[in-house]
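Take a look at the structure set out below.
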Amino acid sequence: MSLLSFLFGRNKKSAHVAKQRLQAVLDHERAARGPRAKPDYLPALQREVAKVVSKYVKVPSGDVQVQLQRRHDNKQVLEVKVRLPQGAR
């Protein structure tokens, strides 16, 4: 069992629905801002991700980082980094 399947379960249907919802939110925010504006939802998203992860593993909110990067091909990448404690396996 991988760590991600342990943290987020194995139900692919709900994962797919969550991915679609997140994509809809990102598309809506992106359209409302404009192409060069900095997203204002990242701090809230970071807090929510930290809250969800902390249900399963004790992780300080400072160990969760969420960044939005624009690649050279003008696509945006949402990057989520979670620093897990050593004994979290």
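The values are calculated or read from the model by the stated rules, or taken from the named source; none is laboratory data. The structure presented is a predicted model; accordingly, all values stated were derived computationally and were not measured. Heads up, the Cβs are rebuilt from the backbone with ideal geometry, glycines too, and the neighbour counts pull from every protein chain shown. Surface areas here come from the heavy atoms of the whole protein model, side chains and all, with no ligands, DNA or RNA. Shrake-Rupley method; radii C 1.70, N 1.55, O 1.52, S 1.80 Å.
Some observations on this one:
- Only residues that are open to solvent by less than 100 Å² (accessible area, probe 1.4 Å), modelled with pLDDT of 80 or more and among the hydroxyl-bearing types (Ser, Thr, Tyr) were counted in the range 33-89, giving 1.
- Selection of first residues in the range 72-86 that are farther than 15 Å from Tyr56 by Cβ and of second residues that are loosely packed, with under 11 Cβ neighbours inside 10 Å and basic (Lys, Arg), restricted to Cβ pairs under 9 Å at least 6 apart or on distinct chains, gives the following pairs, ordered by first then second residue: Val77/Arg71.
- For the range 51-71, the set of residues classified as farther than 17 Å from Asp40 by Cβ and in contact (Cβ under 8 Å) with a residue 24 or more places away in the chain consists of Val53, Tyr56, Val57, Lys58, Val59, listed by residue number.
- Residue match in the range 3-20 (condition: open to solvent by 60 Å² or more (accessible area, probe 1.4 Å), modelled with pLDDT under 80 and of a type in the set (Phe, Trp, Tyr)): yes
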